[in-house]
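First the structure, in the form of structure tokens, and then the observations on it.
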Amino acid sequence: MNGLKREYFKYISLNIMGMLGLSCYILADTYFVSNRMGTNGLAALNLAIAVYSLIHGTGLMIGIGGATRYTISRSQGKTRRASEAFWDSLVLGMAAAAFFMAAGVFGAEFFAKLLGANEEILPLTAVYLRTILCFSPCFILNNIVLAFVRNDGSPRLSMTGMICGSLGNIVLDYIFMYPLGWGMFGAAFATGLAPVISLSILSTFFIKKRNHFHLIIHRVRFGTVRDLCGLGNSAFINEVSSAVVLIVFNLLILRISGNVGVAAYGVVANLALVAVAVFTGTAQGSQPLISKSHGKGEKIQVRAFYRYAAATAFVLGAFMILVVYMNTSNFVEVFNSEQDEKLAVLASEGLRLYFLGFFFAGINIVTAAYLGAVENARAAFFVAAFRGTLGILIFAVVLGLCFGMKGIWLSYPVTEGVTFLGILTVGRGNFQRIDNPF
């Protein structure tokens, strides 16, 4: 078991660091926009982030789905099918990217209004949306290559690509927004260039011919698309749910507290993205190990990797809650350049209540990824869909109507708690046909 633990901690530590780097794409934008453009800029950014989550989630779904199929097929000796998964992912990813680009070119203002932007912040929101959507091929391709490089035995290079992209984004954010004075466009342009930097790092994997997968051009069938999307659906739902929740929360908060409330939610949501990135890194780090063991029929190792991941997620969640409770005012001050008292009060309350959900969120995210890794796409979908979309929307509306802003903040921990109880209650009976970890 010591060998398993060493392998596990190697993968998850590298992936957590990489995902933290990736999450800083938007966090860097949030910091620079809030300091350079104030409350309105922060509110506009928070409305636009929903679309970034949709693009990112699409890339993760295709990348993780394809890489999972690659790992399972390769462990079973099906080398041609393993390489075909890479081509399938590229074709599907570029088709999705073409759709996003068209939306950015022709519908940026329409979508900005749809997301709730009023006349005061509409121009800022539309500029950010248009730029990010036009860079969607880079975001999606980066997620695909990251997943395949990681699953092909190079988690360190995958991490390096993510971190270099993030550091590049931070530097470019500063250059574009301060010396050049490009405003919201500068923030979006810097974020769009980040995956380009990451891809340039990842290209060394192919230049040095370390890859075991190759381009096998063939016709992509509907069954293949369904297979890849099924294996990666939990990652997609985790990200897209963030977009859905952002949209619904923004619309609810606009009615209760206006643009200042949306800005306060921007602080909470962006810090939460970093926390979720830690759990996503844990889930993605364990996924190739679980898929490989599952493909070989090694059930004991499958269970061991899941339990390591669940325990890691719980400990990290408790640690993050402690950090937020001890430094709430400091976190809020970083994003409150105008020293808005209402923003400070709302964001402080939001952080303390919202982050309670991280007691359970990590285990829920790891469980959904585990189910996908062992080819139980249906169960993975239900876990991810309830915690990410259905449950939180119901609780946000009901609790928001009953308790105002406090109810909206509490909807997240309530949803994660109910999901966790559902996994414990239903899991033992319904997951018996797979490598049951419970």
| task | Ignoring everything but the protein chains, give the 1.4 Å probe accessible area of residue 141 in square angstrom, nearest 10. | result | 50 Å²
| query | Alpha carbon centre of region 230-260 versus region 303-346: separation in Å? | reply | 19 Å
| request: Kindly state, to the nearest 0.05, the FRET efficiency for residue 226 paired with residue 79, given R0 = 25 Å and r defined as their beta-carbon distance. | output: 0.65
| said: I'd like the accessible area for residue 319, computed on protein heavy atoms only with a 1.4 Å probe and all protein chains in place. Round to 10 Å², please. | reply: 120 Å²
| query | Out of 202, 179, 301, whose Cα points farthest toward the positive end of the dipole of the chain (charges: +1 Lys, Arg; -1 Asp, Glu; placed on Cβ)? | reply | 301
| query | Using the alpha-carbon centroid of each, what span in Å lies between region 353-385 and region 108-148? | reply | 26 Å
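R0 = 25 Å: FRET efficiency of residue 180 with residue 105, Cβ-based, nearest 0.05?
Calculated value: 0.60.
Going from most exposed to least, what order do 218, 56, 212 have by accessible area with a 1.4 Å probe?
Solvent-accessible surface, decreasing: 212, 218, 56.
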| When Lys and Arg each count +1 and Asp and Glu each count -1, what net charge do the other residues less than 13 Å away from residue 15, Cβ to Cβ, add up to? | +2
| request: Leaving ligands, DNA and RNA out of it, work out the accessible area of residue 308 with a 1.4 Å probe and give it in Å² to the nearest 10. | output: 40 Å²
| query | Can you give the charge dipole size of region 69-136 about its Cα centre, rounded to the nearest 20 debye, using +1 on the beta carbon of Lys and Arg and -1 on the beta carbon of Asp and Glu? | reply | 620 debye
| said: Let me see the P(r) profile for region 111-234: every Cα-Cα distance counted, bins of 5 Å, each bin given as a percent of all pairs. | reply: 2, 10, 14, 16, 16, 15, 11, 8, 5, 2, 0
| What net charge is computed for the residues neighbouring residue 388, neighbours being all others with C-beta under 13 Å from the C-beta of residue 388, Lys and Arg scored +1, Asp and Glu -1? | -1
| Size of electric dipole in region 201-343: Cβ of Lys, Arg +1 and of Asp, Glu -1, about Cα centre, debye, nearest 20 | 1140 debye
| Segment residue 94-residue 208, extension gain: residue separation times 0.36 nm, minus the distance between their alpha carbons | 38.5 nm
| query | According to a simple spin-label model (label point 7 Å from Cα along Cα-to-Cβ), what is the distance in nm between residue 299 and residue 349? | reply | 5.1 nm
| note | For region 53-181, shape from the Cα gyration tensor axes a ≥ b ≥ c, cut at a/c of 1.5 then a/b versus b/c, turns out oblate
| request: State, in angstrom, two size descriptors of region 360-410 derived from its alpha carbons: Rg to one decimal place and Dmax to the nearest whole number. | output: 13.5, 41
| message | Using a 7 Å offset from the Cα along the Cα-to-Cβ direction at both residue 217 and residue 171, what is the distance between the two label points in nm, to one decimal? | response | 3.7 nm
| said: With a 1.4 Å probe and all protein chains left in place, how much accessible area per residue does the chain have, in Å²? | reply: 39 Å²
| So which of 10/292; 209/292; 10/208; 5/299 end up more than 18 Å apart by C-alpha? | 209/292; 10/208
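Ignoring ligands, DNA and RNA, please state the percent of accessible area on the chain from carbon and sulfur, probe 1.4 Å.
Here it works out to 66 percent.
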| query | In whole percent, what relative contact order does the chain give with Cα contacts below 8 Å and a gap of six or more residues? | reply | 23 percent
| message | Connecting C-alpha atoms closer than 10 Å in a GNM of the chain, tell me which of 279, 206, 189 has the biggest fluctuation. | response | 206
| request: May I ask for the net charge around residue 166, where only other residues with Cβ less than 14 Å from the Cβ of residue 166 are counted and Lys, Arg are +1 while Asp, Glu are -1? | output: -2
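The values are calculated or read from the model by the stated rules, or taken from the named source; none is laboratory data. All values derive from a computational prediction rather than experimental measurement. Here Cβ is always computed from backbone atoms with ideal geometry, including for glycine, and neighbour counts include all displayed protein chains. Please note that ligands, DNA and RNA were not included when accessible areas were found on the heavy atoms of the full protein model with its side chains. Shrake-Rupley method; radii C 1.70, N 1.55, O 1.52, S 1.80 Å.
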